[in-house]
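Colleague: My questions will all concern the structure given below.
The values are calculated or read from the model by the stated rules, or taken from the named source; none is laboratory data. What you see is a predicted model, and the numbers here were worked out from it, not measured in a lab. Here Cβ is always computed from backbone atoms with ideal geometry, including for glycine, and neighbour counts include all displayed protein chains. Surface areas here come from the heavy atoms of the whole protein model, side chains and all, with no ligands, DNA or RNA. Shrake-Rupley method; radii C 1.70, N 1.55, O 1.52, S 1.80 Å.
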Amino acid sequence: MTPNAFLEHLNPEQLAAVTLPHQSALILAGAGSGKTRVLTTRIAYLIQTGQVSPAGVLAVTFTNKAAKEMLTRITSMLPINPRGMWVGTFHGLCNRLLRTHHREANLPQLFQILDSQDQLSVIKRLMKSLNIDDERFPPKQVSYFINNAKEQGLRANDVEVLDDISLQYRDIYAAYEQQCQREGVVDFAELLLRSYELLSRNEPLRAHYQARFKYILVDEFQDTSRFQYAWLKCIAGKDNAVFAVGDDDQSIYAFRGAHAGNMQTFLSEFAVSKVIKLEQNYRSQSNILDAANVLISHNRERLGKNLWTAEGTGEPIRVYCAGSDHDEAQFIVDEIRALANEGVAQSQIALLYRSNAQSRVLEHALFSAAIPYRVYGGLRFFERQEVKHALAYLRLIANPADDNALLRVINFPTRGVGSRTIEQVQEAAREQGITLWQAACQKGGNAPGKNIGSGKGVPAFVLLIEALRRDTAGLDLAEQVEHLLYASGLVAHYQASKTEADRVENLEELVNAARTFLNEYDGERTEEMPDTLTAFLTHAALEAGERQAGEGQEAVQLMTVHAAKGLEFHTVFISGMEEGLCPHEQSMFEQDGLEEERRLMYVAITRARKRLYLSYAQSRMLHGQVRYGVPSRFLNEIPEKLLKPINAPLKQAEAPAEWEAPRTLRVESESGQAWRIGQNVTHPKFGPGVIIQCRGRGPDAEVEVNFRQSGTKRLALQYAKLSPV
């Protein structure tokens, strides 16, 4: 096959990128612009024209799926064995390097890799041997600390110690390093760190790989972290050609350490003279692309490009203003039915949301309408770990004889109940022909019988369940759920982790699910359904067990915007287009937070090929309370001529340039002090925060404040003692 055969179907910009001479270049590849084709064709072109051998190519991707697709495409173009090529993820390539040079890396030849659960087990075992309090230093937080340090390229002795707490974390990290070295195991973060240390310290080895990999290609360059970029610099040297493909407008993984600024740094440090923009989009129609272009133009820190298409104008973007989140979900269900009548496959319809907790109302509406759905890249609401824990507590309140529920939460959150103690409880139950709860009560001293083991864990659990049953007896269903979430310690457990904010939101959404069920439940008691709690648990089990489509079955796709990256659909619904949700309220506390939220919206919009819906609700249940919504500023940033309001004329309101700017919604306290949405405040107990909702006037005035440390609180201004910042 001649080189020209590879090039026949490329547009001029793609052709320029593929046929570049030996030089470093940045390929600014917009959504749907054919970047995978450019990457694979570039590799095939270099090999076919004799500029490099297959063994001289290093190609970095961000998923194993992308790496396999790249190899498949290359081998379909060239009759070569791909095994000699180094194509893979950062972790996969580092693993290959360390396996090849295990002695130099001070590792056994057959070293094993710990996944996140294995790593957590090692940390728990280590902390137990060192008699470290796992309540003061939760193992998950220790794991987060260690991985975060490694992802910054820091060994234990490099970590800055600020106080006794950080000193203890550093000491655990040091002990963990020694333990892993003794056992001959490495975690994922260690793969990158150790291979970087190997290359940076071993000059002959570094020179060998720099001479070998004259051409280095990197996919999704905007998602590289600072340390991954350092690794690339190390292996590239000064003379190698780095072909970086990415889109700074789609940099949405800052929470994983991605640093969009690497693209700007790359331009200067590699003396890049060639930036090629792939702006022709082969996915979406121009109304959709025009909306995305105008929206993202509000970001200041970007390299800049403008997507266009030859596919025609297409349909306007539909905008729906719902009275409530349930109204919004019902509208989406009705539109899905209409789309089905038009012949649109359910698998080509996606429902996107900013926060995982939003899926619950959508799932319920789809379930009630008997529309099969699949949660992409995640679990359905009632299948999520934290929700199942809460439901297990509820099941024990309803029926203490539920052995499975007891086993799920007897030591969650951890209360010192070890596996041996659980085995003893199970043995006692089996020997006496009683339930696990009855056996646990024996251990707790509440019933005569054999005392099982020693320690306070099981007695404390028995007392907790008895207190939950007693304290929730007179409450309605939603109050029962809310009480147990806090009394059981579930909320506190997840709040203690910086990485578990979504789980706290899901627990709060369970209160909303209970309240919705109460409103819909007819309340009739039968022999099969003796009370509301049992009815709710039955509903949760049925909703978890039904309507989730199997593999290959036609189904509507539900997912967060983060999970949608790289996908495309005929029709996309973006729900929750309200301030505080999109953009998310947490972004107000983060540097570059609003720009990242806008990039997320850009990604969401560019998933749609033919039809796009944007919807928002005037009221929504969030954090267990009704919240009155303000339309997202992102709606205001899309030109009105591109939008088609469905149920009311579109009202464009002034959107602030920054979170701190005042909004029109405000309240006044009795003293006449005015408070506005977006205003920074401080509270003597909760610390700094920002107002996200205002209601009422005078003595009845109240505000909803998102506090940096403790989340959202609803406060009566008469008593709140808030101070403006």
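Colleague: Within region 352-370, is there a residue that is within 28 Å of the chain's Cα centre (by Cα), of a type in the set (Val, Ile, Thr) and more than 18 Å from PHE517 (Cα to Cα)?
Modeller: No, region 352-370 contains no residue that is within 28 Å of the chain's Cα centre (by Cα), of a type in the set (Val, Ile, Thr) and more than 18 Å from PHE517 (Cα to Cα).
Colleague: Kindly indicate the residue of region 273-314 that is open to solvent by 20 Å² or more (accessible area, probe 1.4 Å) and among the hydrophobic types (A, V, I, L, M, F, W, C) and also modelled with the lowest pLDDT among those meeting that condition.
Modeller: Out of the qualifying residues, it is LEU303.
Colleague: Okay, next question. Of LEU110, LEU154, which residue is open to solvent by 20 Å² or more (accessible area, probe 1.4 Å), among the aliphatic types (A, V, I, L, M) and either touching a strand residue (DSSP E or B) at 6+ places or on another chain (Cβ under 7 Å) or under 25 Å from VAL60 (Cβ atoms) (or both)?
Modeller: Just one listed residue meets the conditions, LEU154.
Colleague: Still on this structure: If you go through region 361-377, how many residues are assigned to a loop (DSSP other than H, G, I, E, B) and open to solvent by 40 Å² or more (accessible area, probe 1.4 Å)?
Modeller: Total satisfying the criteria: 3.
Colleague: With GLY445, GLY455 as the choices, which residue is at pLDDT below 85 and closer than 20 Å to ILE397 by Cα?
Modeller: Just a single option satisfies the conditions, and that option is GLY445.
Colleague: Okay, moving on. State which residue is nearest to the chain's Cα centre (by Cα) when the search covers only region 270-303 and only residues that are polar (S, T, N, Q) and not in a helix (DSSP H, G or I).
Modeller: So the residue we want is ASN299.
Colleague: Name the one entry in LEU612, LEU594, LEU600 that is open to solvent by less than 10 Å² (accessible area, probe 1.4 Å), closer than 19 Å to ILE296 by Cβ, assigned to a helix (DSSP H, G or I) and at pLDDT 85 or above.
Modeller: Matching residue, one of LEU612, LEU594, LEU600: LEU600.
Colleague: Filter region 180-196 down to the residues that are assigned to a helix (DSSP H, G or I) and either at pLDDT below 90 or within 30 Å of the chain's Cα centre (by Cα) (or both) and list them by number.
Modeller: Across region 180-196, the qualifying residues are CYS180, ARG182, GLU183, PHE188, ALA189, GLU190, LEU191, LEU192, LEU193, ARG194, SER195, TYR196.
Colleague: Filter region 615-635 down to the residues that are closer than 18 Å to ILE646 by Cβ and in a loop (DSSP other than H, G, I, E, B), then identify the one that is most open to solvent (accessible area, probe 1.4 Å).
Modeller: Filtering first and then ranking leaves GLN618.
Colleague: Do we find that VAL60 is closer than 30 Å to SER284 by Cα, at pLDDT 90 or above, surrounded by 17 or more Cβ atoms within 10 Å (Cβ to Cβ) and under 25 Å from the mean Cα position of the chain (by Cα) in this structure?
Modeller: In short, yes.
Colleague: Which condition breaks for ALA66 when tested against (1) assigned to a loop (DSSP other than H, G, I, E, B); (2) open to solvent by 20 Å² or more (accessible area, probe 1.4 Å)?
Modeller: The failed condition is (1).
Colleague: Okay, next question. For ALA174, only one of the following conditions fails: (1) in a loop (DSSP other than H, G, I, E, B); (2) open to solvent by 30 Å² or more (accessible area, probe 1.4 Å); (3) hydrophobic (A, V, I, L, M, F, W, C). What is its number?
Modeller: Every listed condition holds for ALA174 apart from (1).
Colleague: So, ILE146, is that one assigned to a helix (DSSP H, G or I), of a type in the set (Val, Ile, Thr) and at pLDDT below 90 or not?
Modeller: Considered against the rule, which asks whether it is assigned to a helix (DSSP H, G or I), of a type in the set (Val, Ile, Thr) and at pLDDT below 90, ILE146 comes out as no.
Colleague: Could you count how many residues in region 78-119 are part of a helix (DSSP H, G or I) and within 24 Å of the chain's Cα centre (by Cα)?
Modeller: The qualifying residues number 7.
Colleague: Inspect all residues belonging to region 227-247 and state whether any of them is in a loop (DSSP other than H, G, I, E, B), modelled with pLDDT of 90 or more and closer than 23 Å to GLU568 by Cα.
Modeller: Yes, region 227-247 contains at least one residue that is in a loop (DSSP other than H, G, I, E, B), modelled with pLDDT of 90 or more and closer than 23 Å to GLU568 by Cα.
For every residue, the table says whether it meets (1) among the basic types (Lys, Arg); (2) at pLDDT 75 or above; (3) open to solvent by 70 Å² or more (accessible area, probe 1.4 Å); (4) over 32 Å from the mean Cα position of the chain (by Cα).
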| residue | (1), (2), (3), (4) |
| --- | --- |
| ALA653 | no, no, no, no |
| GLY687 | no, yes, no, no |
| ARG695 | yes, no, no, no |
| ALA701 | no, yes, no, yes |
| GLN709 | no, no, yes, no |
| LYS713 | yes, yes, no, no |
| ALA716 | no, yes, no, yes |
| VAL725 | no, no, yes, no |
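Colleague: Could I ask something else about it? Only one of these is under 20 Å from PHE412 (Cβ atoms) and of a type in the set (D, E, K, R): LYS150, LYS140. Name it.
Modeller: LYS140
Colleague: Can you pull out the residues in region 339-355 that are part of a loop (DSSP other than H, G, I, E, B) and among the small types (Gly, Ala, Ser)?
Modeller: GLY343, ALA345, SER355
Colleague: For LEU267, indicate whether it is more than 22 Å from the chain's Cα centre (by Cα), closer than 25 Å to GLN119 by Cα and either assigned to a strand (DSSP E or B) or not charged (D, E, K, R) (or both).
Modeller: When the stated conditions are applied, LEU267 does not pass them.
Colleague: I need a count of the residues in region 551-564 that are crowded, with 21+ Cβ neighbours inside 10 Å and over 26 Å from GLY689 (Cβ atoms).
Modeller: So the answer is 6.
Colleague: On the basis of being touching a residue at least 60 places away in the same chain (Cβ under 8 Å), closer than 25 Å to GLU269 by Cα and not acidic (Asp, Glu), does ALA25 make the cut?
Modeller: It is true that ALA25 is touching a residue at least 60 places away in the same chain (Cβ under 8 Å), closer than 25 Å to GLU269 by Cα and not acidic (Asp, Glu).
Colleague: Return only the number of the condition from (1) surrounded by 14 or more Cβ atoms within 10 Å (Cβ to Cβ); (2) at pLDDT 75 or above; (3) at positive phi that VAL681 does not satisfy.
Modeller: Tallying (1) surrounded by 14 or more Cβ atoms within 10 Å (Cβ to Cβ); (2) at pLDDT 75 or above; (3) at positive phi, VAL681 fails exactly one: (3).
Colleague: State all residues of region 570-582 that are over 13 Å from GLY629 (Cβ atoms) and open to solvent by less than 10 Å² (accessible area, probe 1.4 Å); if no residue qualifies, say none.
Modeller: Hits for region 570-582 are THR571, VAL572, PHE573, ILE574.
Colleague: Could you figure out which of (1) under 22 Å from the mean Cα position of the chain (by Cα); (2) of a type in the set (A, V, I, L, M); (3) modelled with pLDDT under 90 isn't true of ALA398?
Modeller: Just one mismatch for ALA398, condition (1).
Colleague: Now for a separate question. Are any residues in region 77-107 open to solvent by 30 Å² or more (accessible area, probe 1.4 Å), modelled with pLDDT of 85 or more and under 22 Å from ASP219 (Cβ atoms), and if so, which ones?
Modeller: Of everything in region 77-107, those that are open to solvent by 30 Å² or more (accessible area, probe 1.4 Å), modelled with pLDDT of 85 or more and under 22 Å from ASP219 (Cβ atoms) turn out to be MET77, HIS91, GLY92, ASN95, ARG96.
Colleague: With (1) among the β-branched types (Val, Ile, Thr); (2) closer than 24 Å to GLN210 by Cα; (3) assigned to a helix (DSSP H, G or I) as the list, and THR75 as the residue in question, which single condition is left unmet?
Modeller: For THR75, the failing item is (2).
Colleague: Please pick out the residue among LEU26, LEU46 that is over 22 Å from MET263 (Cβ atoms), in contact with a strand residue (DSSP E or B) (Cβ under 9 Å, 6 or more places away or on another chain) and outside any loop (DSSP other than H, G, I, E, B).
Modeller: One residue alone meets the criteria, LEU46.
Colleague: In the set GLN438, GLN358, GLN426, which member is in a helix (DSSP H, G or I) and crowded, with 19+ Cβ neighbours inside 10 Å?
Modeller: None of the other options fit; the residue is GLN358.
Colleague: Considering region 467-482 alone, what residues qualify as being touching a residue at least 12 places away in the same chain (Cβ under 8 Å) and either hydrophobic (A, V, I, L, M, F, W, C) or surrounded by 16 or more Cβ atoms within 10 Å (Cβ to Cβ) (or both)?
Modeller: Residues satisfying the conditions are ALA467, LEU468, THR472, LEU477, ALA478, GLN480, VAL481, GLU482.
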